[in-house]
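The structure under discussion appears below in the form of structure tokens.
The values are calculated or read from the model by the stated rules, or taken from the named source; none is laboratory data. The shown structure was predicted, so the numbers you read here are calculated from the model rather than taken from an experiment. Here the Cβ positions follow ideal geometry from the backbone for every residue, glycine too, while neighbour counts run over all protein chains shown.
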């Protein structure tokens, strides 16, 4: 893989520097997306999982008395399952960084002139393709598909970069799998994905309000359901995800070179 040469002269204008930076980000993302062509089964298998959740879990929970969501429970659940699917894909994305280190690919990234933040953002952008494949399965042919896609991209970028941070800390596949499995369920259940905030005890509600997944689900419910309402407000949902991306990108940029040590 070749990353465009990026050494930017100090005399270059800001828009030229920005253009070079974006070129590097998209070059890394394109290299990651190319890998999917050799393993399309991964996209298909992961796209089937949300359907199983809706058909099995959703059908059972829809008949639970006392579970009031103000309408069809399956409609209420669909955005939560979509967010869960994105989380499960993105949270294990850091495993690929460990594989790249073991295969020697990571060292090539490190000696390239591209800024470390461009490498991190490129991988986060590539992770969004996996998330979008599941969004198409659950939510297709809608006038609001573009807005939903934006939310999926933001959430996938946030959680995949968070996954990269974990990979940089644990550095081994075995430890990464254990930590990833430990984190996914608490993040999922400590959100509004399968039950509204009003049903939660105060301590769990406080955790859900700082959980990025809650803001993704909140936005998806507003966009996907005809009578959907946002509890936090769409601007707050987008701002929360964007803030999370900035934080995890800054951390991952500092930790990424340590993965080669």
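Can you tell me which residue is modelled with the highest pLDDT among those in the stretch 130-143 that are surrounded by fewer than 20 Cβ atoms within 10 Å (Cβ to Cβ) and not in a helix (DSSP H, G or I)?
140
Counting only residues that are under 18 Å from residue 125 (Cβ atoms) and assigned to a helix (DSSP H, G or I), how many does the stretch 86-105 have?
Matching residues across the stretch 86-105 total 10.
Considering 101, 108, which residue is at pLDDT 70 or above, more than 23 Å from residue 241 (Cα to Cα) and in contact with a helix residue (DSSP H, G or I) (Cβ under 7 Å, 6 or more places away or on another chain)?
It is 101.
Output the residues belonging to the stretch 167-213 that are within 21 Å of residue 103 (Cβ to Cβ), in contact with a helix residue (DSSP H, G or I) (Cβ under 8 Å, 6 or more places away or on another chain) and surrounded by fewer than 16 Cβ atoms within 10 Å (Cβ to Cβ).
Those that are within 21 Å of residue 103 (Cβ to Cβ), in contact with a helix residue (DSSP H, G or I) (Cβ under 8 Å, 6 or more places away or on another chain) and surrounded by fewer than 16 Cβ atoms within 10 Å (Cβ to Cβ): 169, 172, 173, 177.
Does residue 16 satisfy being closer than 19 Å to residue 161 by Cα and at pLDDT 70 or above?
no
Report yes if residue 127 is surrounded by 15 or more Cβ atoms within 10 Å (Cβ to Cβ) and at pLDDT 90 or above, otherwise no.
No; evaluated as a whole, the condition is false for this residue.
Select from the stretch 14-28 the residues that are free of Cβ contacts under 8 Å to residues at least 40 places away in the same chain and within 22 Å of the chain's Cα centre (by Cα) and list them in ascending order.
22, 23
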